[in-house]
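Below is one structure, written out as structure tokens, with a few remarks after it.
The values are calculated or read from the model by the stated rules, or taken from the named source; none is laboratory data. For clarity, every value in this text was computed on a predicted model and none was experimentally measured. Ideal geometry is used to build each Cβ from the backbone, glycine not excepted, and the neighbour counts take in all protein chains shown.
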């Protein structure tokens, strides 16, 4: 039940965004993809989410041939940097969206959906905000709603693309602590993209440092910090 | 403390009054006065004369034909406009800028030329003229030609309204919907459509106004057969040319009334959903 990313490559036109990235993450682990902009971390995450197609390489998750499945059937919750909440829906409708679009035989009853929304809002520490619209929330609150929405579908995998990038330092810290707590609670394999090394090291079980579409070093935060394997990694970590 | 200088975005009072007066004078002389005169002329011979002019069979036929042409052209161009805006905003493909230019074509080409194109294609001497005549299909100087010309001229309205809106909104919400398990159709219905509904409404209203009012292109393909292929604008021209001023102004007033009703409808919706509109503009 682990996630195996094997030599995944992707070009945008002639620009190689990913040059054969590989890593293995055990089930339920929390992986950070860390690197400067243009290192391919977001592209790799979007490929995992089914929002971008890989040119070559394979991804296996549990016993699934992950890249052959469309985004819709992967059941991977995705959290975007700019929240991507549905502006015209209330917080409750945003969170319930993934449940309401299910085919009838798999759709929970309205009462169950309502109960689930209440639970999720409590989990992300926004109880009672069901009837607000996204425009009435602060950035940090919006991202909490986006997280609740991604968790509502009981995802097999949680993918976060610089989720705290647009927030101030204090809110970032609160949110990453909450994210780790929620991850441990849900036990879902999580891949988290960031360019902030402090954030990556504070929250993840495993860190992949990326450069030019490749993974330069992959390992536990303490190991990577103690033994940077390339000059780039040691320079990036000391910056 | 007294004010020592104006804010950078503030203009002196005389300039504000002057600009306001220019705008109001312009609107009054060029827009409101002619419109008022149309209605005044229509009522010149009293209400019963107006009623007789409206009940004239040829006038009623022109109203019917205009409504048919708009009734076909507007839904078709709405579907087309959504499809075009969707593909331009949400996908990258070669020839995209060319497609946008093509959509603008009916705006840049004179409507008379648009009409002539259909004469060239479907006319007796045109490309398909022969085979159409052999099969007894009438396009030119008949309702199909009028509908085609109307579609051509009103082609860009919905697409033009939606493209900048959908490009601006990006693909994030659609991507989010896909990762949450929504099908393409569910995404369109529950996410895209609610986000574009106001732009879509304006596009449809503009498209409808133009479809009812189109003169040039329709005039070329119509053949001006009284009571058969005359739309309202053509009928106004015909009555006017025959020195039937009362009749001409009556139909003109009807046409103007349809346009005013459209505006009232739009304002009502804006007033009714003011909160929602404001919320949509906040980010």
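Could you tell me whether residue A:158 is modelled with pLDDT under 90, in contact with a strand residue (DSSP E or B) (Cβ under 9 Å, 6 or more places away or on another chain) and either farther than 17 Å from residue A:45 by Cβ or crowded, with 22+ Cβ neighbours inside 10 Å (or both)?
Values: modelled with pLDDT under 90: no; in contact with a strand residue (DSSP E or B) (Cβ under 9 Å, 6 or more places away or on another chain): yes; either farther than 17 Å from residue A:45 by Cβ or crowded, with 22+ Cβ neighbours inside 10 Å (or both): yes.
No, not satisfied.
Table: residues versus (1) away from every other protein chain (no Cβ under 14 Å); (2) buried (at least 19 other Cβ atoms within 10 Å of the Cβ).
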{"site": "A:37", "(1), (2)": "yes, no"}
{"site": "A:44", "(1), (2)": "yes, yes"}
{"site": "A:47", "(1), (2)": "no, yes"}
{"site": "A:70", "(1), (2)": "no, no"}
{"site": "A:74", "(1), (2)": "no, yes"}
{"site": "A:87", "(1), (2)": "no, yes"}
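For the stretch A:209-221, check the following and say yes or no: at least one residue is closer than 22 Å to residue A:182 by Cα, free of Cβ contacts under 8 Å to residues at least 40 places away in the same chain and surrounded by fewer than 16 Cβ atoms within 10 Å (Cβ to Cβ).
Yes, the stretch A:209-221 has at least one match.
Among the listed residues A:16, A:36, identify the single one that is at pLDDT below 95 and within 29 Å of residue A:222 (Cβ to Cβ). Lay out the reasoning, then the answer.
Values: A:16 fails: within 29 Å of residue A:222 (Cβ to Cβ).
A:36 is the lone residue from the list that is at pLDDT below 95 and within 29 Å of residue A:222 (Cβ to Cβ).
Which one is nearest to the chain's Cα centre (by Cα) among residues in the stretch B:131-143 that are loosely packed, with under 11 Cβ neighbours inside 10 Å and assigned to a helix (DSSP H, G or I)? Step through it out loud before you land on a result.
Step one: filter the stretch B:131-143 for residues loosely packed, with under 11 Cβ neighbours inside 10 Å, giving B:131, B:134-136.
In the following step, the residues that additionally are assigned to a helix (DSSP H, G or I) were identified as B:131, B:134.
On the way: B:131: 33, B:134: 35 Å.
Across the stretch B:131-143, the extreme among qualifying residues is B:131.
Per-residue answers, yes or no, for (1) at pLDDT 95 or above; (2) over 30 Å from residue A:85 (Cα atoms); (3) surrounded by fewer than 19 Cβ atoms within 10 Å (Cβ to Cβ):
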site: B:148; (1), (2), (3): no, yes, no
site: B:160; (1), (2), (3): no, no, no
site: B:181; (1), (2), (3): yes, no, no
site: B:196; (1), (2), (3): no, no, no
site: B:201; (1), (2), (3): no, no, yes
site: B:212; (1), (2), (3): no, yes, no
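Of the residues in the stretch B:230-283, how many are within 14 Å of another protein chain (Cβ to nearest Cβ) and part of a helix (DSSP H, G or I)?
Keep residues of the stretch B:230-283 that are within 14 Å of another protein chain (Cβ to nearest Cβ), which gives B:273, B:275-283.
With the extra rule that they be part of a helix (DSSP H, G or I), the set shrinks to B:275-281.
Total meeting the criteria: 7.
Residue A:111 - would you say it is surrounded by fewer than 18 Cβ atoms within 10 Å (Cβ to Cβ) and either under 23 Å from the mean Cα position of the chain (by Cα) or outside any loop (DSSP other than H, G, I, E, B) (or both)? So that I can check it myself, show each step before the final result.
Working: surrounded by fewer than 18 Cβ atoms within 10 Å (Cβ to Cβ): yes; either under 23 Å from the mean Cα position of the chain (by Cα) or outside any loop (DSSP other than H, G, I, E, B) (or both): yes.
Spelling it out, residue A:111 is indeed surrounded by fewer than 18 Cβ atoms within 10 Å (Cβ to Cβ) and either under 23 Å from the mean Cα position of the chain (by Cα) or outside any loop (DSSP other than H, G, I, E, B) (or both).
Which members of the stretch A:9-50 meet the condition of being over 25 Å from residue A:203 (Cα atoms) and in contact with a strand residue (DSSP E or B) (Cβ under 8 Å, 6 or more places away or on another chain)? Break it down into steps so the answer makes sense when it comes.
Here is the first cut: in the stretch A:9-50, the ones over 25 Å from residue A:203 (Cα atoms) are A:9-17, A:19-20.
Scanning the stretch A:9-50 gives A:9, A:10, A:11, A:16, A:17, A:19, A:20.
Given the structure, is residue A:166 assigned to a helix (DSSP H, G or I) and either out of contact with any strand residue (DSSP E or B) (no Cβ under 7 Å at 6 or more places or on another chain) or over 26 Å from residue A:6 (Cβ atoms) (or both)? I'd like the intermediate steps shown before the answer.
Details: assigned to a helix (DSSP H, G or I): no; either out of contact with any strand residue (DSSP E or B) (no Cβ under 7 Å at 6 or more places or on another chain) or over 26 Å from residue A:6 (Cβ atoms) (or both): yes.
Taking the combined requirement at face value, the residue does not satisfy it.
When you scan the stretch A:100-137, how many residues do you find that are under 13 Å from residue A:153 (Cα atoms), within 9 Å of another protein chain (Cβ to nearest Cβ) and touching a residue at least 12 places away in the same chain (Cβ under 8 Å)?
The number of residues fulfilling the criteria is 1.
Restricting attention to the stretch B:146-155, does a residue exist that is free of Cβ contacts under 8 Å to residues at least 40 places away in the same chain and either over 23 Å from the mean Cα position of the chain (by Cα) or part of a helix (DSSP H, G or I) (or both)?
Filtering the stretch B:146-155 down to residues free of Cβ contacts under 8 Å to residues at least 40 places away in the same chain leaves none.
Scanning the stretch B:146-155, I find no residue that is free of Cβ contacts under 8 Å to residues at least 40 places away in the same chain and either over 23 Å from the mean Cα position of the chain (by Cα) or part of a helix (DSSP H, G or I) (or both), so the answer is no.
Would you check which residues across the stretch B:84-126 are surrounded by fewer than 18 Cβ atoms within 10 Å (Cβ to Cβ) and either touching a strand residue (DSSP E or B) at 6+ places or on another chain (Cβ under 8 Å) or assigned to a loop (DSSP other than H, G, I, E, B) (or both) and list them?
The answer is B:91, B:92, B:93, B:94, B:95, B:109, B:110, B:124, B:125, B:126.
Return a yes/no flag: does the stretch B:167-183 have any residue that is assigned to a helix (DSSP H, G or I), more than 14 Å from chain A (Cβ to nearest Cβ) and in contact (Cβ under 8 Å) with a residue 24 or more places away in the chain.
Filtering the stretch B:167-183 for residues assigned to a helix (DSSP H, G or I) gives B:167-169, B:172-179.
Subset that is more than 14 Å from chain A (Cβ to nearest Cβ): B:167.
So of that shortlist, the ones also in contact (Cβ under 8 Å) with a residue 24 or more places away in the chain come out as B:167.
There is at least one residue in the stretch B:167-183 that is assigned to a helix (DSSP H, G or I), more than 14 Å from chain A (Cβ to nearest Cβ) and in contact (Cβ under 8 Å) with a residue 24 or more places away in the chain.
Conditions (1) surrounded by fewer than 17 Cβ atoms within 10 Å (Cβ to Cβ); (2) within 18 Å of the chain's Cα centre (by Cα); (3) in a helix (DSSP H, G or I), marked per residue:
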{"position": "A:6", "(1), (2), (3)": "yes, no, no"}
{"position": "A:10", "(1), (2), (3)": "no, no, no"}
{"position": "A:21", "(1), (2), (3)": "no, yes, no"}
{"position": "A:24", "(1), (2), (3)": "yes, yes, no"}
{"position": "A:31", "(1), (2), (3)": "no, yes, no"}
